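Just so it is clear, none of the values below were taken in a lab; they were calculated from the coordinates. Predicted model only: the values in this text are computed from it and were never measured.
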Amino acid sequence: MVMERVLVRASGLVKHFQDRKRGRVEAVRGISFEAMAGEIFGLLGPNGAGKTTALRMLATILTPTDGTATINGCDVRSDPDGARRSLGFLSGDTGLYGRLSAREMITYFGRLYGLDDNRLNNRVDELGDKLDMGDFFERRCAKLSTGQKQKVSIARTVVHDPPVLILDEPTAGLDVLASRNIVTFIRAARQEGKCVILSTHDMGEAERLCDRIGIIHNGILAAVGSKAELFERYRTSDLEAVFLRAVGETA
Ligand SMILES: Nc1ncnc2c1ncn2[C@@H]1O[C@H](COP(=O)(O)OP(=O)(O)OP(=O)(O)O)[C@@H](O)[C@H]1O
Ligand SMILES: [Mg+2]
């Protein structure tokens, strides 16, 4: 489904942290991009590049030092509630309550989003199917494996069916099967017309999954484009070479 509708717009996002030991840390130094409905946009960059910080600003968890962003037309500064209703955010520290079962956990978050019980039960069953959680759906979260927990975390992130998904390293640390299942889920979301923003430092994953890629290094976007555009600009057909050249230009 191709729709040229901008769902995420980052405009000059900047984030500085005041760190007791390091002094001022310029984690994000001016990031701008747009991402459309029906598109997977990947932020690709090394450790410490500013990926998580950028995503947390988009998800309204952090207030930008400068610049702003809109999610489905809602400004994260002036209308954070509107932005939050339109997005689901998966981060490395998305918590689960050990004493609740996977099903109870997802249902609990659905209630927080104000879904009525009827709709919610259908939605929870649907997510159980889509993420292939059948064999552990009734098990307590405390007893789940890393990959199983990640599926529950993703389900809880999208239970309100938002148009924008912001996923911080959704497949990090997962085995081939679990990660393939999540990749399939992300592709299905694109097919439904969602806008997916994800971060990764995995070149292969970025290349396989993303329609457009922003290469982030030292808090700025060194290059943005579709794979074809990046390959042409850097005269190569290897994303790793693109990455090294783009990063070299800003080093
Ligand atoms: N709360 C904070 N206080 C001080 N510095 C921070 C804080 N959060 C992040 N930073 C710093 O900002 C920079 C960017 O961090 P960030 O977590 O955004 O990187 P990342 O691209 O997500 O890296 P990774 O691939 O390791 O997850 C790093 O130098 C980090 O140490
Ligand atoms: Mg990170």
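Can you give me the angle between helix 117-130 and the longest principal axis of the chain, using Cα atoms only, in degrees from 0 to 90, rounded to the nearest 10?
60 degrees
For the pairs 21/51; 151/227; 51/194; 21/151; 15/130; 149/227, note any where the Cα-Cα span goes beyond 26 Å.
151/227; 21/151; 15/130; 149/227
To the nearest 500 deg cm²/dmol, what mean residue ellipticity at 222 nm is calculated for the chain from DSSP H runs of n ≥ 4 alone, each contributing -39,500 (n - 2.57), summed and divided by the residues?
-11000 deg cm²/dmol
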